[in-house]
Number of protein chains: 2
Amino acid sequence: MSAIADVARRAGVAKATASRALSGRGYVSEETRSKVIAAAAQIGYVASPNAASLVTGRTQSVGVIIPFISRWFFAEVLESLEQALLARGYDMTLYNLPTHSAERERVFDFFLARKRFDGVISVGVELSDTEVAQLHRMGRPLVGIGGETPGAHTVAIDDIATARLATEHLLTLGHTDIRHVGGDQAHQMDFAVHTKRLTGFTEAMRTAGLPTDNGFSACAFTVPGGYEAGLALLADPHQRPTAVFAASDEIAVGLIIAARELGLHLPDDLSVIGIDGHPYAEMFQLTTIEQHPRNQATLTVDTLLTELENTPTTTTTHLVTRAPTNLVTRSSTSPPR
Amino acid sequence: MSAIADVARRAGVAKATASRALSGRGYVSEETRSKVIAAAAQIGYVASPNAASLVTGRTQSVGVIIPFISRWFFAEVLESLEQALLARGYDMTLYNLPTHSAERERVFDFFLARKRFDGVISVGVELSDTEVAQLHRMGRPLVGIGGETPGAHTVAIDDIATARLATEHLLTLGHTDIRHVGGDQAHQMDFAVHTKRLTGFTEAMRTAGLPTDNGFSACAFTVPGGYEAGLALLADPHQRPTAVFAASDEIAVGLIIAARELGLHLPDDLSVIGIDGHPYAEMFQLTTIEQHPRNQATLTVDTLLTELENTPTTTTTHLVTRAPTNLVTRSSTSPPR
DNA sequence: CACGATACTGGAAACGATTACATAGGGAAC
DNA sequence: GTTCCCTATGTAATCGTTTCCAGTATCGTG
């Protein structure tokens, strides 16, 4: 049973030597190394990470905190995180943490305290100060992706700048009656993202000398959310905007579907721009600002793992890595008729 | 450091007693129990599951094998699995296993062999015999959800019967020129699901005495996939079917969007039925057969965990739990004009 | 009162690795 | 030829739990 002991016996060496041979740490002659490896292969030995982590303190796995997975950005991120971690030899344990609730506390106290991971990646969740402190006290590095978490390294796009850019795209085309359709706290995504995109919109409008009051509609961050918002916003021909900046491509697509149902033609009757780079964008000829979640994810893994491997650098410098975005112009936007 | 030892010292008892008090196993007087608990609370003690699993052999976590995350069914399942497992005190470790490739072998050999989990849930993946055998040899129960895995308990809808039902819905309405749009192996989802849904379609058509050749179009299992298939299928008014059975709601929605772009009106010009119960279905007034992935997921967790907790029942009876489905009729289907 | 359960507790041996420390041979440097 | 360093290996301690075993006190029962 004692697995490595078996390997050692079979190879005619001590447990310590076997361990060194297999892990590659410390001195082992080439000859014994191959003997040990052969013995291990013979009995199909695989090390117990539990036993190892008991003494090393490293678990070779990272915890990922995510509020939901069915939203496009999150699913993409999750998939890439897993691949990147796997490639680096790490397991990924998933914690689907609700944004606010008692459940959340339970997750933290019960699961995260068990320190079954070397580090944590939180995607789109803004952890509270006490939560960050708790992780920090446990010596577990934390890297965020999406929302900015104070006290932790974060990979994210510049939401304000991106929203401003999207709005400016419409302004440059000559639109003046522009609305912003996005999420709000009630629709259960993190507050900061919504606020920032709204801020960017407002800034751009103000800079252009246009009124910003009454320019925002809230909806769920989904296609149906955008659809409903669209029906409400576009129904009345007399107070219909000429352009809409949607906070996500899914919302934008919902808007487009609503517009089509109302008999409007894009981009003549309405220009729409989104943010994301969702596969639907191409299908609907949607102008959008791509944010490449998969790249963000691999960047996040890189950041966490280097932090993990150079433990000395416990410089908890609140650092933000800005992920690049790019505007893709398609036929959903044009100058107003 | 030796955490439980600290608790024990603080409470003035032996490590063994402290362990018993905290775990609830074995005899402990009410008095000492509360002393121990108080001491544990004082220093904020949480047991190391690593150390515990080293001796008990249980890790309190299950591995989930999933081919991709961004598809609706999979995302829903994953989210529910996580919640159900968390509620039962289990961690969930995610393995995003590609359907076919060398990577897959690597995952199995390297990660799954580390036996960091008490059981495995495979969603929509049909594991090979050797893979099942490997898990079985390790004494790790396996429950599948979605595709049927020979040699393991599986929770799944009856794909053939569901496809037949969908087709029969169209037949009953009086349609005779019906097409099936679904996935195939080239579009990287598991083969069996596609085949089964196609089989159900073919069976229903044959029973109705209708021709089945040339009645199937393959596409990606996504909205854009259905969209492209729709443009191709519906462009020519002379050989346009009066009804389409789409293998998923996402495909169906793509078809509807394509139909609208081509100027068709549902259900007059075309009837469309899907399978899933996707949130988009309601938005597009899509008739569909709901399969309730969240229920399937909790059912799967229940199955695995009871198997886990009653280890004696190592009766590897190949059992299939059929998840219920239900037809929801909306206005995307009607008798042909 | 003796005896066997029954409740409770502590000591010590696991579980399966890693690693600090000790030992020993061989070559380079002086 | 001594000294020192480097390679190579073995012994034993360690990580933090659970659990087996043994021992003691209490209590009901015949």
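The values are calculated or read from the model by the stated rules, or taken from the named source; none is laboratory data. All values derive from a computational prediction rather than experimental measurement. Positions of Cβ are backbone-derived with ideal geometry, glycine not excepted, and every protein chain shown enters the neighbour counts. Calculation scope for accessible area: heavy atoms of the full protein, side chains included, ligands and nucleic acids excluded. Shrake-Rupley method; radii C 1.70, N 1.55, O 1.52, S 1.80 Å.
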| request: Give, as a single signed number, the net charge of other residues whose beta carbon lies under 13 Å from the beta carbon of B:Gly277, with Lys and Arg counted +1 and Asp and Glu -1. | output: -4
| remark: Along principal axes, largest first, the alpha-carbon spread of the protein assembly as shown in whole Å comes out as 79, 69, 58
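Looking at the calculated P(r) for the stretch B:1-95, what percent of the C-alpha pair distances fall above 17 Å? Write down the numbers at each step before the final one.
Details: 2696 of 4465 pairs.
The answer is 60 percent, as a whole percent.
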| query | Where nothing but the Cβ of Lys and Arg (+1) and of Asp and Glu (-1) is charged, how large is the charge dipole of the stretch B:3-47 around its Cα centre, in debye to the nearest 20? | reply | 100 debye
| request: Once you've got the GNM for chain B with C-alpha springs shorter than 10 Å, pick whichever of B:Pro49, B:Pro141, B:Pro293 has the biggest mean-square fluctuation. | output: B:Pro49
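Filter chain A for me: DSSP H helices, axial length by Cα at least 20 angstrom, mean Kyte-Doolittle hydropathy not below 0.0. List them by residue number. Could you put the intermediate results ahead of the total?
Values: long enough: A:72-87 (23 Å, 0.92); A:191-207 (24 Å, -0.22); A:293-309 (24 Å, -0.31).
Length and hydropathy pass: A:72-87.
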| Considering the dipole of chain A built from charges on the beta carbon (Lys and Arg +1, Asp and Glu -1) around the Cα centre, which of A:Ala297, A:Leu127, A:Leu54 is farthest to its positive end? | A:Leu54
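Taking the radius of gyration and the Kirkwood hydrodynamic radius from Cα positions alone, what is the Rg/Rh ratio for the stretch A:19-157, to two decimal places? Let's see the in-between values first.
Values: Rg = 18.5 Å, Rh = 17.0 Å.
Looking at the stretch A:19-157, the ratio lands at 1.09.
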| Value of D in µm² per second that Stokes-Einstein yields for chain B, Kirkwood Rh from Cα pairs, at 4 °C (1.567 mPa s) | 58 µm²/s
| message | I need the semi-axes of the equivalent ellipsoid of the stretch A:180-337: take the C-alpha gyration tensor, multiply each eigenvalue by 5, square-root it, list largest first in whole angstrom. | response | 34, 17, 14
| Along the charge dipole of the stretch A:159-290, Cβ charges K/R +1 and D/E -1, which of A:Val244, A:Ile178, A:Gly226 sits furthest on the positive end? | A:Ile178
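So what is the accessible area of the stretch B:214-337 per residue, in Å², with the probe set to 1.4 Å?
Numbers: 5110 Å² over 124 residues.
Roughly 41 Å² per residue, with all protein chains present.
Given a 1.4 Å probe and no ligands, DNA or RNA in the count, how much accessible surface is buried by A and B, both sides, to the nearest 100 Å²?
Working: alone 16230 and 16240 Å², together 28170 Å².
Approximately 4300 Å², summed over both chains.
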| Shortest-first nm distances, A:Thr130 label point to equivalent points in other copies (7 Å, Cα→Cβ) | 5.3
| remark: per DSSP, antiparallel bridges as share of beta bridges in chain A, % nearest 5, sits at 10 percent
| query | Which one of A:Ala323, A:Ala113, A:Ala246 has the biggest mean-square fluctuation once chain A is modelled by GNM with Cα springs under 10 Å? | reply | A:Ala113
| request: Over the stretch A:3-47, average the accessible area per residue using a 1.4 Å probe and give it in Å², no decimals. | output: 62 Å²
| message | Using 0.36 nm times the number of residues separating B:Val46 and B:Asp302, minus their current alpha carbon distance, what extension gain do you get? | response | 89.5 nm
| request: Please work out the C-alpha center-to-center distance from the stretch B:100-121 to the stretch B:26-49 and express it in whole Å. | output: 37 Å
| remark: Computed about the Cα centre, the charge dipole of the protein assembly as shown from +1 Lys/Arg and -1 Asp/Glu charges at the Cβ has a magnitude in debye, to the nearest 20, of 2820 debye
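In terms of the ratio Rg/(2.2 N^0.38 Å) built on C-alpha atoms, what value belongs to the stretch B:59-108? Mind showing how you got there, number by number?
Values: Rg = 11.9 Å, N = 50, 2.2 N^0.38 = 9.7 Å.
The stretch B:59-108 yields a ratio of 1.22.
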| query | Label 7 Å along Cα→Cβ of A:Thr199; the stretch A:211-225 residues with amide nitrogen under 16 Å? | reply | none
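About its Cα centre, what dipole magnitude does the stretch A:159-290 give when the only charges are +1 on Lys and Arg Cβ and -1 on Asp and Glu Cβ, stated in debye to the nearest 20? Please list the in-between numbers first.
Details: 7 positive and 17 negative charges, 50 e Å.
The calculation lands at about 240 debye.
Among DSSP bridges having both ends in the protein assembly as shown, what percentage is antiparallel? Round to the nearest 5. Kindly include the intermediate steps, with their values, before the conclusion.
Values: 7 of 75 bridges.
For the protein assembly as shown, the DSSP antiparallel bridge percentage is about 10.
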| query | If you build a Gaussian network model of chain B, linking Cα atoms that sit under 10 Å apart, which residue out of B:Leu81, B:Leu173, B:Leu165 swings the most? | reply | B:Leu173
| message | Ordered shortest first, which distances in nm separate the 7 Å Cα→C-beta label point of B:Tyr27 from those of the other copies? | response | 5.5
| field | Kirkwood-type radius of the stretch A:3-47, with distances r between different C-alpha atoms, in Å | value | 9.8 Å
| query | In terms of Cα to Cα distance under 17 Å, which aspartates and glutamates are near enough to A:Lys35, apart from those fewer than 8 places away along the same chain? | reply | A:Asp6
| task | Name the long-range amide H neighbours of B:Thr154: under 5 Å, sequence gap of 5 or more, or other chain; modelled H, no Pro or chain starts. | result | B:Gly144, B:Leu319, B:Val320, B:Thr321
| field | Carbon + sulfur, % of accessible area of chain B - ligands and nucleic acids excluded, 1.4 Å | value | 54 percent
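Under the definition of partner shielding as Cβ atoms of other protein chains within 10 Å of a residue Cβ, what is the mean value for peptide A:114-120?
Per-residue shielding by partner chains comes out at 3.
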| What nm distances, shortest first, do you get from the label point of B:Val320 to those in the other copies when the point sits 7 angstrom along Cα to Cβ? | 5.3
